[in-house]
Amino acid sequence: MAETTSSQQARAAGASSRRSVRGAPSSGRGGRGWLAGISDALVSVFFPAGCRICEELLTSASRVPICEECLASFCPVPKIACEVCGRPLAGLTPEPGSVRNEGRALLCPACRDKTYAFERARSFAVYEGALVQAILLLKYEQIGPLGAWFAERLAEVVKGQGSALAADVVVPVPLHRRRERERGYNQAALLSKPLAKRLRLPHKAVLLMRTRARPEKQILTLEERWESVRGAFATRPGSQVDNLRVLLLDDVLTTGATLDACARALLEAGAKSVVGLTVARAARNPLPSSSEW
Ligand SMILES: [Zn+2]
Ligand SMILES: [Zn+2]
């Protein structure tokens with residue numbers, strides 16, 4: 001818990017005056033009544049803490065350590081996107097090879113080349129701004145309430161896709177066991193577990209394993225990214241995936257290489273189909289001057 005300092009109090013005072021200038025109570029608060037208002041006020045008096053992204057004093061009784069403005073700043077993935085991998089297509093120039101003919105699916109170049117083994121991938125929001133920090137937070141701290149908040153958004157994405165993301169089982173993208181031991185948890189499971197509960201599906205955290213660790217190097221070229229995950233996953237001996245439709249969960253989709261490698265391992269083991277779901281989706285190429293494919 002952060003200690004109360006005079007600078008924090010000053011920030012809090014500044015925050016409340018800024019809010020009153022705007023005069024806009026946060027959306028969704030209206031219906032909660034005076035009791036909820038009092039409980040929020042008590043929380044901010046007795047447990048003063050700043051938003052983990054913008055440091056503004058948290059005034060909500062929610063256990064999510066990010067303020068409502070930062071949460072509201074996450075930008076949902078645009079509707080015009082590749083029908084297979086969900087890559088946003090609008091506004092990207094040039095977009096060579098993207099095709100939309102009458103009766104034909106809108107596909108990105110990678111999906112026209114049938115690059116991915118997964119049937120479909122979707123994400124909640126674009127990997128930029130505050131969302132980058134929120135994802136980092138989940139990588140370094142096991143913040144269950146934030147995982148649950150994202151799981152709620154992901155459940156909405158699943159429902160919005162109708163039968164396209166239908167699944168029998170929810171599986172998190174695994175970390176290599178050495179990495180998981182160092183970190184103490186798997187951040188993908190922080191999302192997949194509450195999501196499975198919401199979707200009323202079984203959660204299988206140990207069905208897949210990562211047999212080869214990611215290289216120590218922080219920044220990988222696109223080729224290295226694909227190379228580092230190719231054949232790096234396997235189903236655990238004795239696990240049953242026969243004929244199952246698997247919903248794979250991860251925090252970020254960048255090149256799609258990780259979801260692809262997991263999907264290949266699951267399909268080889270007999271899974272009926274694999275769909276991917278991530279919190280964030282990199283809209284642009286992850287590295288300047290290189291194309292995503
Ligand atoms: Zn904030
Ligand atoms: Zn695509």
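One residue stands out among those in the range 125-143 that are more than 16 Å from ligand 1 (Cβ to nearest atom) and in contact (Cβ under 8 Å) with a residue 60 or more places away in the chain: the one that is most open to solvent (accessible area, probe 1.4 Å), which is TYR127. Here is a list: ARG153, ARG122, ARG181, ARG212. Which entry is open to solvent by 10 Å² or more (accessible area, probe 1.4 Å), touching a residue at least 24 places away in the same chain (Cβ under 8 Å) and either within 16 Å of ligand 1 (Cβ to nearest atom) or assigned to a helix (DSSP H, G or I) (or both)? Matching residue, one of ARG153, ARG122, ARG181, ARG212: ARG153.
Restricted to the range 252-275, and to residues there that are in a strand (DSSP E or B) and farther than 18 Å from LEU199 by Cα, the residue that is least open to solvent (accessible area, probe 1.4 Å) is LEU253.
Restricting the range 67-109 to residues that are within 16 Å of ligand 2 (Cβ to nearest atom), within 29 Å of GLU152 (Cα to Cα) and not in a loop (DSSP other than H, G, I, E, B), the residue that is modelled with the lowest pLDDT is PRO88.
The values are calculated or read from the model by the stated rules, or taken from the named source; none is laboratory data. Everything numeric in this text was worked out from a predicted model, so none of it was measured. Heads up, the Cβs are rebuilt from the backbone with ideal geometry, glycines too, and the neighbour counts pull from every protein chain shown. Surface accessibility is based on the protein's heavy atoms, side chains included, excluding ligands, DNA and RNA. Shrake-Rupley method; radii C 1.70, N 1.55, O 1.52, S 1.80 Å.
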